[in-house]
Amino acid sequence: MPKISCWIEAMRLRTLPVSLAGVIYAAGLGLATWHFRLIPALLCLLFALLAQIASNFANEYFDYRDGLDRPGREGPRRGVTEGDITPRAMLTATLATLSAACITGIIIVALFGEWWMYPAGIAVALGVMAYSTGPYPLSRHALGELAVIIFFGIVPVSLTYLLMGGHFGWWLLALAAGIGLMGANVLVVNNYRDIDDDRAVGKRTLAVVLGRRPMLWIYIANGFLAAILTIAPWLAISAAGLIVPCVYLILHCLLSYLLASRSGRALNPLLGMTAMLMMLYAVAFLISSLMA
């Protein structure tokens, strides 16, 4: 029986703020526009967390199955590759967690949603698996960052806001894309760190295709574009609305410097820092909306 610490490592706690931030940001939008509803927001939070854990489990299992993980890799320890968790146990955990996410999604839509949200939920479930497996695994064809923008930005922000009773508009899509860009930066760090390991096993991430320097500029650009896309609500809810985005950009520049100056295992803390900066931005917006 694998130790609980091995399963916690497989969940990749450093990156879990990515799934939570989109829902938290949407809750802030709900408060700012008088559409906040606690129960659907909490259920969306649970769904997002389960979906990301399922995605992380699936990524570990399918990368091991297809020979894309090697012992002693630069990133966090992979339980299946290192022999801490059996492949069968990881596959079972993947399917169980994904099933729990699907059940949560069905409950949310049944209570608060509309019929078209069921296909959207199915698309999310398929996206969880398509990231790592299927006829065209997104993570192996330089599409991982785009997948994060969609499934950890556009989908959670938009659907959470709509499930709370809000209305769709292009402004919502722009805000959601901004949050997605913040999430994509977590994967940029991950793939930037793993570029040599991934190249050696033939895994074509965006970092492998473009190289380190372009990925550094993508990381920098994502942060600034994310701040620009999400600036309007800050200005709407507070006279001092530029303070938090400016602090975010200062910290983003610091993290960009760390990305440029580190390599290998030294980048592991930066993974969590990037995810936490995204989470803090969302939490700050929620608190500001609550106090407005």
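It is to be established whether one or more residues within the stretch 101-121 are open to solvent by 60 Å² or more (accessible area, probe 1.4 Å), closer than 26 Å to residue 4 by Cα and not charged (D, E, K, R).
As a first pass, look at the stretch 101-121 and keep what is open to solvent by 60 Å² or more (accessible area, probe 1.4 Å): 103, 106-107, 110-111, 114-116, 118-119.
This time we only want the ones that are closer than 26 Å to residue 4 by Cα, so: 103.
With not charged (D, E, K, R) added as a condition, the list becomes 103.
Yes, the stretch 101-121 has at least one match.
Is it the case that some residue within the stretch 128-146 is under 30 Å from residue 254 (Cβ atoms), open to solvent by 50 Å² or more (accessible area, probe 1.4 Å), of a type outside the set (Val, Ile, Thr) and modelled with pLDDT of 95 or more?
Yes, the stretch 128-146 contains a residue that is under 30 Å from residue 254 (Cβ atoms), open to solvent by 50 Å² or more (accessible area, probe 1.4 Å), of a type outside the set (Val, Ile, Thr) and modelled with pLDDT of 95 or more.
Just for the stretch 242-263: of the residues that are hydroxyl-bearing (Ser, Thr, Tyr) and open to solvent by 60 Å² or more (accessible area, probe 1.4 Å), which one is farthest from the chain's Cα centre (by Cα)?
The initial filter retains those residues of the stretch 242-263 that are hydroxyl-bearing (Ser, Thr, Tyr), namely 248, 256-257, 261, 263.
Restricting the remaining residues to those that are open to solvent by 60 Å² or more (accessible area, probe 1.4 Å) gives 257, 261, 263.
Values: 257: 22, 261: 24, 263: 22 Å.
Per the criteria, the residue is 261.
Please give the number of the condition residue 8 fails out of (1) modelled with pLDDT under 90; (2) at positive phi.
(2)
With (1) of a type outside the set (A, V, I, L, M); (2) open to solvent by 40 Å² or more (accessible area, probe 1.4 Å); (3) in a helix (DSSP H, G or I) as the list, and residue 153 as the residue in question, which single condition is left unmet?
Condition (2) is where residue 153 drops out.
Touching a residue at least 24 places away in the same chain (Cβ under 8 Å) and either open to solvent by less than 50 Å² (accessible area, probe 1.4 Å) or aliphatic (A, V, I, L, M) (or both): which single residue out of 275, 239, 266, 221 fits that description? Walk me through it before giving the result.
Numbers: 239 fails: touching a residue at least 24 places away in the same chain (Cβ under 8 Å); 266 fails: touching a residue at least 24 places away in the same chain (Cβ under 8 Å); 221 fails: touching a residue at least 24 places away in the same chain (Cβ under 8 Å).
Testing whether each residue is touching a residue at least 24 places away in the same chain (Cβ under 8 Å) and either open to solvent by less than 50 Å² (accessible area, probe 1.4 Å) or aliphatic (A, V, I, L, M) (or both) leaves just 275.
Note down all Cβ pairs under 7 Å where the first residue falls in the stretch 141-167 and is in contact (Cβ under 8 Å) with a residue 12 or more places away in the chain, the second is among the charged types (D, E, K, R), and they're at least six residues apart or on different chains.
Going by the 7 Å Cβ cut-off, the qualifying pairs are 141/204; 142/204; 164/37; 165/37.
Let me confirm something: among 109, 128, which residue is in a helix (DSSP H, G or I) and either without any contact (Cβ under 8 Å) to a residue 24 or more places away in the chain or over 21 Å from the mean Cα position of the chain (by Cα) (or both)?
Numbers: 128 fails: either without any contact (Cβ under 8 Å) to a residue 24 or more places away in the chain or over 21 Å from the mean Cα position of the chain (by Cα) (or both).
Testing whether each residue is in a helix (DSSP H, G or I) and either without any contact (Cβ under 8 Å) to a residue 24 or more places away in the chain or over 21 Å from the mean Cα position of the chain (by Cα) (or both) leaves just 109.
Looking at (1) within 22 Å of residue 271 (Cβ to Cβ); (2) open to solvent by less than 40 Å² (accessible area, probe 1.4 Å), find the lone condition where residue 82 falls short.
For residue 82, the exception is condition (2).
Does the stretch 44-73 hold any residues that are open to solvent by 40 Å² or more (accessible area, probe 1.4 Å) and assigned to a helix (DSSP H, G or I), and which are they? Please lay out each step first, then the result.
Step one: of the stretch 44-73, the residues open to solvent by 40 Å² or more (accessible area, probe 1.4 Å) are 45-47, 49, 64-67, 70-72.
Correct list: 45, 46, 47, 49, 64, 65.
Just give me the residues in the stretch 194-218 being touching a Phe, Trp or Tyr at 6+ places or on another chain (Cβ under 7 Å) and open to solvent by 50 Å² or more (accessible area, probe 1.4 Å), in sequence order. Give the steps one after another, and end with the answer.
Just the residues of the stretch 194-218 that are touching a Phe, Trp or Tyr at 6+ places or on another chain (Cβ under 7 Å), to begin with: 207, 212, 215.
Matches in the stretch 194-218: 212 only.
The values are calculated or read from the model by the stated rules, or taken from the named source; none is laboratory data. It should be emphasised that the depicted structure is a prediction, and the values quoted were computed from it without experimental measurement. Because the Cβ atoms are built from the backbone with ideal geometry, glycine has one as well, and the counts that use them run over all protein chains shown. All accessible areas refer to the heavy atoms of the entire protein, side chains included, with ligands and DNA or RNA removed. Shrake-Rupley method; radii C 1.70, N 1.55, O 1.52, S 1.80 Å.
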